[in-house]
Amino acid sequence: MVKENCGVVGIFSLDGANVIPMIIDSLRALQHRGQEAWGIAIPKKQPYKQLGLVSSAVSEFDKVTREYASSAAIGHVRYSTMGGSNLENAQPLKVKDLCVAHNGTISNVEELAGMVGGCTFTPQNVSDTLVAAKRLVSLMSENGKLGNALSILKNEMIGSFCFTFVSDDNAVYAARDPKGFRPLVIGFRKDINTYIVASESAALVAVGAQLIRDVKPGELIKISNAGLESEMFSEEKKSAHCSFEFTYFAHPSSIMEGSNIYTVRKKIGQYLARKFPIKDADIVIPVPDSARPAALGYAQELGIPFEEGLLKDRYSRKGPLRSFIEPHQSDRVEINRWIIPITPVIEGKHVVVVDDSLVRGTSSKAIIKALRRAGAKKISMVITFPPIRFPCYAGIDFPSKEELVTFFDDNKEYSEETMIEKVRQTIGADFLGYNDTKNLADAVGIEVNSMCFTCSTGDYSPLGIKPAFKSRAEIKGE
């Protein structure tokens, strides 16, 4: 029950080209999915891992490219889970002759650890990925092929996953969970006869590859000297694509489930304007950066001027980073402190602020205070995502109720209207409007029952669990 919305990549060159430079560039293109650590793995060698951003190790790139030269490799950028933010828990991980990188969350990791001989899970020193990898290797030893092992593991493991693997027999694999919670795509670079599997198509563009398609939910891809092979290890009929990917996580250039993320976010803003037509507003501004397309769509729909009223200071230590995926509250505060209002744009205006989500309230409170100091006459905030009232156990970092801004100390159950009013008072806005699940799904262009809205509705049936809610300290081992 942890937060593992990471980025994964796997590359195989049929021409035998060294794919390590492509792995590094792909991981840089996926940096928005994880900022804590990164790593690469090739056959018959221990993985190379580093803490921090990929770009921070630029002086090591030439050395890594030489020492890890391979035509088959996988990579990972980490947005940490149960394990602490340390190098030991960074990925990829190697178990026997298989290296694995994982994007997702395993909700029943303690139970799964009990199936692995000699593996005692504690959140302080073992990641859910390591437990899954050990169980998978055990199943492979009993059942042979990876596809057979996955078909068993998917019944034992509750949660979301996209895996990339590289084996010591020089093959790259990729697997997507049967519900399709997390995204995974496959592409091809023709000039060097090279396949690439990655969390998002933005990684394909970064290395000059063309998008072929999404990996299907329940599909296992194998890429080796024999070419690309595919098999289905599960035939689940109903999908549960993560709705948070469309509003926040994915890169705006990416194509996901057939739709461009930038276009989708702009359309979400248009639909949000129809739900909350604040026509007396003077300007519409986004919270940088992921809310920008939605704010533009909102402004265009109502004919209100769109302005860049808030800018990130990209020269501060943490200014360029994404606050939501930072592991510690102090780091989130530090990032939001460097979102700076442009006073001449704000002063004396009724400002509509468009944001992608309202989870802990850290960003919203800081931004509204800054806008007040800049002289805003009135502040209306509209949120592209519905109210988040329940923990996510499918890969997004809010695994406990008490850290949510919608959670109140009296533990009472409030109507949605009362809850929204209490949140409005907490963040200090004059008006607060949330999107709803159907409006968001309609804008995305996916049926509402084919998307996961568990964090808003509290319906955990897509994961097949009835969770026992725990505190963050219990979950993270803090």
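The values are calculated or read from the model by the stated rules, or taken from the named source; none is laboratory data. Keep in mind it's a predicted model, so treat the numbers as computed, not measured. FYI the Cβ positions are ideal-geometry reconstructions off the backbone, even for glycines, and counts take in every protein chain you see.
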### Message
Return the residues of the stretch 200-240 that are under 11 Å from Gly187 (Cα atoms) and polar (S, T, N, Q); say none if nothing qualifies.
### Response
Ser201, Gln210
### Message
When you check Lys369 against the structure, is it in contact with a His (Cβ under 8 Å, 6 or more places away or on another chain) and at pLDDT 95 or above, yes or no?
### Response
no
#### Entry: Candidate set from the stretch 13-27 (those that are under 24 Å from the mean Cα position of the chain (by Cα) and of a type in the set (A, V, I, L, M, F, W, C)); member that is surrounded by the most Cβ atoms within 10 Å (Cβ to Cβ)
Ile23
### Query
Considering only the stretch 409-462, how many residues are in contact (Cβ under 8 Å) with a residue 12 or more places away in the chain, of a type in the set (Asp, Glu) and in a helix (DSSP H, G or I)?
2
### the stretch 258-302, subset within 25 Å of Glu447 (Cβ to Cβ) and not in a helix (DSSP H, G or I), residue farthest from the chain's Cα centre (by Cα)
Phe276
### Query
Among the listed residues Lys45, Lys49, which satisfies the condition of being assigned to a strand (DSSP E or B), free of Cβ contacts under 8 Å to residues at least 60 places away in the same chain and of a type in the set (Lys, Arg)?
Lys49
#### Entry: One residue from Asp397, Asp355 being closer than 18 Å to Lys275 by Cα, within 21 Å of the chain's Cα centre (by Cα) and not small (Gly, Ala, Ser)
Asp355
### Message
I'd like to verify a number: residues in the stretch 349-376 that are without any contact (Cβ under 8 Å) to a residue 60 or more places away in the chain and either in a strand (DSSP E or B) or not aliphatic (A, V, I, L, M) (or both), how many?
### Response
6
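Conditions (1) in contact with a helix residue (DSSP H, G or I) (Cβ under 9 Å, 6 or more places away or on another chain); (2) of a type in the set (Val, Ile, Thr); (3) at pLDDT below 95, marked per residue:
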{"position": "Glu229", "(1), (2), (3)": "no, no, no"}
{"position": "Lys238", "(1), (2), (3)": "yes, no, yes"}
{"position": "Ser253", "(1), (2), (3)": "yes, no, no"}
{"position": "Lys267", "(1), (2), (3)": "yes, no, no"}
{"position": "Ile283", "(1), (2), (3)": "yes, yes, no"}
{"position": "Ser290", "(1), (2), (3)": "yes, no, yes"}
{"position": "Phe306", "(1), (2), (3)": "yes, no, no"}
{"position": "Leu310", "(1), (2), (3)": "yes, no, no"}
{"position": "Ser323", "(1), (2), (3)": "yes, no, yes"}
#### Entry: Residues (touching a Lys or Arg at 6+ places or on another chain (Cβ under 9 Å) and at pLDDT below 85) located in the stretch 409-420
Tyr414
